[in-house]
């Protein structure tokens, strides 16, 4: 690939004796939806954390264009699996708080929020407190929060997990529209059918390594299989390791991202959606 926006070269990540990722080489270009597919403990969350700049690799490097890490973070939008909304704030107040941390003017953030809220059909909910929100509403609010500062790359960790059919379809539709408008989305999911439906490129991660990288059609051709599920099974036939990521108390992308945004350290008690 050429003109890569995000580059990972020789990236490895260790937690003590556990090697979560082994020599990852990737280039992410603009205008694509890249599916990050793998089972529990495969290394997807660690890889997302490295891409988000909230964790440093044990070896190799992660580079967004030629920007330093402090500037790179401003170009990313993240929707973690756990939304981390402040329940005593309205949807808009959650979004505004986040946008101000990026130095975005309230009017600019509001206009972007309304624009995307209309697409998600949640404009009327912006003034409501998030405490009573359904899973789908929390997920959509988190997506609006990630988009309000105008990121160049959107990182989505299981964006449709726990959503009903209609809400999941709405989220996928918006993601596709963002791609069509030139956006770049990294879409982590356990669901092969969803990856095949949404993604232009699929990266299969297993036991800390990349087992395949290509379009759904290329993966089928390479393995000689008729379905993406059969292709996945063929590429990950060796026994899956234990969940190395779950052995780390600080392993959730949501927690690290909130700590980064608030400028806190992992020892400080966080305030999240359950307060």
Condition set part of a helix (DSSP H, G or I) and out of contact with any helix residue (DSSP H, G or I) (no Cβ under 7 Å at 6 or more places or on another chain), scope region 19-72, selection nearest to residue 188 (Cα to Cα): answer is 44
Kindly indicate whether residue 119 is under 24 Å from residue 52 (Cα atoms) and in contact (Cβ under 8 Å) with a residue 12 or more places away in the chain.
no
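From 144, 76, 156, grab the single residue that is at pLDDT 95 or above, closer than 19 Å to residue 185 by Cα and under 21 Å from the mean Cα position of the chain (by Cα).
That would be 144, the only listed residue that is at pLDDT 95 or above, closer than 19 Å to residue 185 by Cα and under 21 Å from the mean Cα position of the chain (by Cα).
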If you take the residues in region 129-150 that are in contact with a helix residue (DSSP H, G or I) (Cβ under 6 Å, 6 or more places away or on another chain) and outside any helix (DSSP H, G or I), which one is surrounded by the fewest Cβ atoms within 10 Å (Cβ to Cβ)?
149
Restricting attention to region 64-73, and to residues there that are surrounded by 17 or more Cβ atoms within 10 Å (Cβ to Cβ) and in contact (Cβ under 8 Å) with a residue 24 or more places away in the chain, which single residue is nearest to residue 146 (Cα to Cα)?
73
Conditions (1) surrounded by 15 or more Cβ atoms within 10 Å (Cβ to Cβ); (2) farther than 19 Å from residue 200 by Cα; (3) modelled with pLDDT of 90 or more; (4) in contact with a strand residue (DSSP E or B) (Cβ under 6 Å, 6 or more places away or on another chain) -> residue 61 fails only (1)
Would you call residue 153 buried (at least 20 other Cβ atoms within 10 Å of the Cβ) and within 14 Å of residue 37 (Cα to Cα)?
no
Could you check residue 39 against (1) under 26 Å from residue 147 (Cβ atoms); (2) surrounded by 15 or more Cβ atoms within 10 Å (Cβ to Cβ); (3) modelled with pLDDT under 90 and say which number it fails?
(1)
Residues in region 85-92: is at least one over 17 Å from the mean Cα position of the chain (by Cα), without any contact (Cβ under 8 Å) to a residue 40 or more places away in the chain and surrounded by 15 or more Cβ atoms within 10 Å (Cβ to Cβ)?
yes
If you scan region 2-18, which residues turn out to be closer than 17 Å to residue 153 by Cα and part of a loop (DSSP other than H, G, I, E, B)?
2, 3, 4, 5
Just a yes or no: is a residue in region 123-138 modelled with pLDDT of 90 or more and within 23 Å of residue 49 (Cβ to Cβ)?
yes
Among (1) farther than 30 Å from residue 108 by Cα; (2) in a loop (DSSP other than H, G, I, E, B); (3) in contact with a helix residue (DSSP H, G or I) (Cβ under 7 Å, 6 or more places away or on another chain), the one test that residue 82 misses
(1)
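Evaluate the following for residue 104: is it out of contact with any helix residue (DSSP H, G or I) (no Cβ under 8 Å at 6 or more places or on another chain) and buried (at least 18 other Cβ atoms within 10 Å of the Cβ)?
yes
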Where residues in region 228-257 are more than 22 Å from residue 80 (Cβ to Cβ) and surrounded by fewer than 14 Cβ atoms within 10 Å (Cβ to Cβ), which of them is modelled with the lowest pLDDT?
242
Checked pairs for region 227-241, first touching a residue at least 60 places away in the same chain (Cβ under 8 Å), second surrounded by 15 or more Cβ atoms within 10 Å (Cβ to Cβ) and part of a helix (DSSP H, G or I), C-beta under 9 Å and 6 or more apart or across chains, list as 232/192; 232/219; 232/223
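The values are calculated or read from the model by the stated rules, or taken from the named source; none is laboratory data. Just so it is clear, the structure is predicted and the values come from calculations on it, not from any experiment. Here the Cβ is made from the backbone with ideal geometry for all residues, glycine too, and neighbour counts use every protein chain on show.
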